[in-house]
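Colleague: Sharing a structure here in structure tokens format.
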Amino acid sequence: MTGTRPSNSYDLDSVTTADDEVLPVRNPRTGCVDHWIHPPREAELAELCADLRSAQVAWNEAGVGHRVGVMRRWADAVEANADAIGDAETVDTGRSRVSHEVPHMVVAAIRGWCDAAPAILERARLHGVSSTSDTVSYDTELDPYALLGVISPWNHPFLLSTLDAVPALLAGCAVIIKPSEVTPRFVEPVAASIAEVPELAAVLRYVVGGSKTGQAIVDQVDALCFTGSVPTGRALAETCARRFIPAFLELGGKDAAIVTASADLRQAAAAVLKGAVHNTGQVCFATERVYVDRSVHDEFVEELTAQARRLELNHPDVDRGHLGPFILGRQADVVDAHLADAVARGATIRCGGPSETLDGGRYMRATVLTGVDHTMTIMREETFGPVVPVQAFDDVDEAVRLANDSDYGLSAAVIAGDEQEARAIGRRINAGAVSLMDTSLTITIMRDVEKTSYGASGLGGSRMGPNGMLRFLRRKALITRSGPVPDMDALREDAAAPARA
């Protein structure tokens, strides 16, 4: 339940809440509270989860063909409501272009999963004869987790709330989603699109609330998907472990980019800058560390700085400029602290600088930093802001060592003179996805190939490729004896047995 009076699509008006449970929501462009969340009571949430479980039985039994048809209708409904969803997310995030692109990205993802789902499920169903007994055969059934919980973050509210939910629904799960309490406004128009597809509304619900609501969801579901910070992910993983339910965690990153001496420096600078400051750096796979061959370091920094200085804030006009405000106001404090620590330890700001407050919003210009090393927080911890720290290296071995000197391993990038050179380096980096000759290519292959996060960047099966759907299914083996059942005489201790070596 959001705002002063919630939408009645989804029966959200039936949800009641105590006054002391109302959560304020800040507008990232003004810094003012202009929205409120009314979380459901624990008993109401438990009842909702019970209803979703009940509806899931028929949803699963109807088969993947039925589910595909329903999901295609939802894609149409999202497309029809795209402007309203984009407008709401614009207020949530303080950015316009990306917010209005996201509904169409979700539509494409839904339709893409619909195209792929039947074949993925068919390939996963195995049947055959035992390799040790020709009178025993087997076949498999795919049994979805009845109720999946999704807790999604604030940096891409609608997109990341659906990334796991869509394949899970096609696999046969019911899904309950709690988006971040920082960006809840998009829920109302999304809920309206779901309400247009009654079969889907029975098995997919959004619930708004804070950490208390998130914990209550974890206590109710059969599996959990979480995208967010490492500390919160660790706490949720511990809770799921106590309940013996799977937790699929996509956590933070500290992505490294390596630029070799043979690279096209203008192209390399453009790729690094895009990877570092897109969405004001508020992306889990943002480029947060750059290592450049010492022989071209100064030339690269000059080009990178020149390109960074051309970028503009989207203030005062939300429809112009390159960098929006920090969605979460206190994230600006984190980035400022990282920057201050680096400068205190000897780093130099080449352009940009600390955050600034404009009409109540917290903004930061694209910031290039040199003279950095791994004693600095900005090279060790996730920054999540538009800062590009650049460090020189003397040879490829040093570059790889620096790139791998991290608690994280979400993704990385290598930009070299040609693909072969980049690939040789990329194979040595400890990260789940390595972009070659560019940065941040992960988003382009979401349904195509799988990747595994290294280190503290995640836990559980890949959300990408076919496993993005199959991880929501338990495999049940049905094993059949076609001949006589051996009696106990065959198991006598003095029965004939293979000779032992």
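The values are calculated or read from the model by the stated rules, or taken from the named source; none is laboratory data. All of these numbers come straight from a predicted model, not from anything done at the bench. Neighbour counts run over all protein chains shown; Cβ positions are idealised from the backbone, glycine included. SASA here: full protein model, heavy atoms, side chains in, ligands and nucleic acids out. Shrake-Rupley method; radii C 1.70, N 1.55, O 1.52, S 1.80 Å.
Colleague: Of the conditions (1) open to solvent by 30 Å² or more (accessible area, probe 1.4 Å); (2) part of a helix (DSSP H, G or I); (3) farther than 27 Å from Gln220 by Cβ, Thr90 satisfies every one except a single condition; which number is it?
Modeller: The number of the failed condition is (1).
Colleague: Next question. Considering only segment 416-468, state which residues are crowded, with 17+ Cβ neighbours inside 10 Å, modelled with pLDDT under 95 and in a helix (DSSP H, G or I).
Modeller: Residues satisfying the conditions are Thr442, Asn467, Gly468.
Colleague: For segment 29-41, name all the residues that are more than 20 Å from Thr357 (Cα to Cα), open to solvent by 70 Å² or more (accessible area, probe 1.4 Å) and either in a loop (DSSP other than H, G, I, E, B) or aliphatic (A, V, I, L, M) (or both).
Modeller: Pass one, segment 29-41, residues more than 20 Å from Thr357 (Cα to Cα): 35-41.
Pick out the ones that are also open to solvent by 70 Å² or more (accessible area, probe 1.4 Å) and you get 36, 41.
Passing the criteria: only Arg41.
Colleague: When you go through Val190, Val208, Val197, Val203 one by one, which is the residue that is farther than 26 Å from Arg474 by Cβ and in contact with a strand residue (DSSP E or B) (Cβ under 6 Å, 6 or more places away or on another chain)?
Modeller: Details: Val190 fails: in contact with a strand residue (DSSP E or B) (Cβ under 6 Å, 6 or more places away or on another chain); Val197 fails: in contact with a strand residue (DSSP E or B) (Cβ under 6 Å, 6 or more places away or on another chain); Val203 fails: farther than 26 Å from Arg474 by Cβ.
Of the residues listed, the single one that is farther than 26 Å from Arg474 by Cβ and in contact with a strand residue (DSSP E or B) (Cβ under 6 Å, 6 or more places away or on another chain) is Val208.
Colleague: Got at least one residue in segment 434-441 being touching a helix residue (DSSP H, G or I) at 6+ places or on another chain (Cβ under 7 Å) and acidic (Asp, Glu)?
Modeller: Checking segment 434-441: at least one residue is touching a helix residue (DSSP H, G or I) at 6+ places or on another chain (Cβ under 7 Å) and acidic (Asp, Glu).
Colleague: Out of the residues in segment 211-258 meeting the condition of being touching a helix residue (DSSP H, G or I) at 6+ places or on another chain (Cβ under 8 Å), among the polar types (S, T, N, Q) and not in a helix (DSSP H, G or I), tell me which one is farthest from Arg41 (Cα to Cα).
Modeller: Thr227
Colleague: Let me ask something else about it. Pick from segment 355-381 the residues that are among the charged types (D, E, K, R) and surrounded by fewer than 24 Cβ atoms within 10 Å (Cβ to Cβ): which of them is farthest from Phe326 (Cα to Cα)?
Modeller: Asp373
Colleague: Of everything in segment 413-457, what is within 16 Å of the chain's Cα centre (by Cα) and of a type in the set (A, V, I, L, M, F, W, C)? Give them in sequence order.
Modeller: Within segment 413-457, Ala431, Ala433, Leu441, Ile443, Ile445, Met446, Val449, Ala456 qualify.
Colleague: For segment 291-304, give me each residue that is open to solvent by less than 40 Å² (accessible area, probe 1.4 Å) and not β-branched (Val, Ile, Thr). Working first, answer last.
Modeller: First, pick out the residues of segment 291-304 that are open to solvent by less than 40 Å² (accessible area, probe 1.4 Å): 291-293, 296-297, 300-301, 304.
Of everything in segment 291-304, those that are open to solvent by less than 40 Å² (accessible area, probe 1.4 Å) and not β-branched (Val, Ile, Thr) turn out to be Tyr291, Asp293, His297, Phe300, Leu304.
Colleague: Same structure again: In the list Arg26, Arg5, which residue meets the criterion of being modelled with pLDDT of 95 or more, on the phi < 0 side of the Ramachandran plot and open to solvent by 40 Å² or more (accessible area, probe 1.4 Å)? Quick ask: steps written out before the conclusion?
Modeller: Numbers: Arg5 fails: modelled with pLDDT of 95 or more.
Arg26 is the lone residue from the list that is modelled with pLDDT of 95 or more, on the phi < 0 side of the Ramachandran plot and open to solvent by 40 Å² or more (accessible area, probe 1.4 Å).
Colleague: For segment 131-139, does any single residue satisfy the condition of being assigned to a helix (DSSP H, G or I), β-branched (Val, Ile, Thr) and either modelled with pLDDT of 95 or more or buried (at least 21 other Cβ atoms within 10 Å of the Cβ) (or both)?
Modeller: Taking segment 131-139 and keeping what is assigned to a helix (DSSP H, G or I), we get none.
Taking every residue of segment 131-139 in turn, none turns out to be assigned to a helix (DSSP H, G or I), β-branched (Val, Ile, Thr) and either modelled with pLDDT of 95 or more or buried (at least 21 other Cβ atoms within 10 Å of the Cβ) (or both).
Colleague: May I ask you to list the residues in segment 222-259 that are more than 24 Å from His278 (Cα to Cα) and among the charged types (D, E, K, R)?
Modeller: Asp222, Arg234, Glu238, Arg242, Arg243
Colleague: Then there's this: What number of residues within segment 252-299 satisfy the criterion of being aromatic (Phe, Trp, Tyr) and out of contact with any Asp or Glu (no Cβ under 6 Å at 6 or more places or on another chain)? Full working, then the answer.
Modeller: The initial filter retains those residues of segment 252-299 that are aromatic (Phe, Trp, Tyr), namely 285, 291.
Next, from what is left, pick out any that are out of contact with any Asp or Glu (no Cβ under 6 Å at 6 or more places or on another chain): 291.
Qualifying residue count, segment 252-299: 1.
Condition check ((1) open to solvent by less than 10 Å² (accessible area, probe 1.4 Å); (2) of a type in the set (A, V, I, L, M); (3) free of Cβ contacts under 8 Å to residues at least 60 places away in the same chain; (4) closer than 18 Å to Thr442 by Cα) across all residues:
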| position | (1), (2), (3), (4) |
| --- | --- |
| Glu238 | no, no, yes, no |
| Ser262 | no, no, no, no |
| Val272 | yes, yes, no, yes |
| Cys284 | no, no, no, yes |
| Ala306 | no, yes, yes, no |
| Pro325 | yes, no, no, no |
| Ala342 | yes, yes, yes, no |
| Arg345 | no, no, yes, no |
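Colleague: Here's a follow-up. Of the conditions (1) touching a Lys or Arg at 6+ places or on another chain (Cβ under 7 Å); (2) open to solvent by 60 Å² or more (accessible area, probe 1.4 Å); (3) polar (S, T, N, Q), Ser406 clears all except one; give me its number.
Modeller: Unmet condition: (2).
Colleague: Can you confirm whether Arg67 is outside any helix (DSSP H, G or I), open to solvent by less than 30 Å² (accessible area, probe 1.4 Å) and out of contact with any strand residue (DSSP E or B) (no Cβ under 7 Å at 6 or more places or on another chain)?
Modeller: Details: outside any helix (DSSP H, G or I): no; open to solvent by less than 30 Å² (accessible area, probe 1.4 Å): yes; out of contact with any strand residue (DSSP E or B) (no Cβ under 7 Å at 6 or more places or on another chain): yes.
In short, no.
Colleague: So Leu45 passes all but one of these: (1) out of contact with any Leu (no Cβ under 8 Å at 6 or more places or on another chain); (2) under 25 Å from Met446 (Cα atoms); (3) surrounded by 14 or more Cβ atoms within 10 Å (Cβ to Cβ); (4) of a type outside the set (Phe, Trp, Tyr). Which condition number does it fail?
Modeller: In the conditions (1) out of contact with any Leu (no Cβ under 8 Å at 6 or more places or on another chain); (2) under 25 Å from Met446 (Cα atoms); (3) surrounded by 14 or more Cβ atoms within 10 Å (Cβ to Cβ); (4) of a type outside the set (Phe, Trp, Tyr), Leu45 misses (2) alone.
Colleague: Sticking with this structure for a sec: Looking for whichever is crowded, with 21+ Cβ neighbours inside 10 Å, assigned to a strand (DSSP E or B) and not aromatic (Phe, Trp, Tyr) here; the options are Val150, Val190, Val208. Which one fits?
Modeller: Of Val150, Val190, Val208, the one residue that is crowded, with 21+ Cβ neighbours inside 10 Å, assigned to a strand (DSSP E or B) and not aromatic (Phe, Trp, Tyr) is Val150.
Colleague: Let me ask something additional. Which of the strands (runs of 3 or more DSSP E) found entirely inside segment 338-400 contain at least 1 residues meeting this: under 27 Å from the mean Cα position of the chain (by Cα), over 17 Å from Tyr291 (Cβ atoms) and at pLDDT 95 or above?
Modeller: Working: elements: 348-351, 356-358, 361-363, 367-370, 387-393.
In segment 338-400, 361-363, 367-370 are the strands (runs of 3 or more DSSP E) which contain 1 or more residues that are under 27 Å from the mean Cα position of the chain (by Cα), over 17 Å from Tyr291 (Cβ atoms) and at pLDDT 95 or above.
Colleague: Among (1) crowded, with 24+ Cβ neighbours inside 10 Å; (2) of a type in the set (Ser, Thr, Tyr); (3) without any contact (Cβ under 8 Å) to a residue 40 or more places away in the chain, where does Ser161 come up short?
Modeller: (3)
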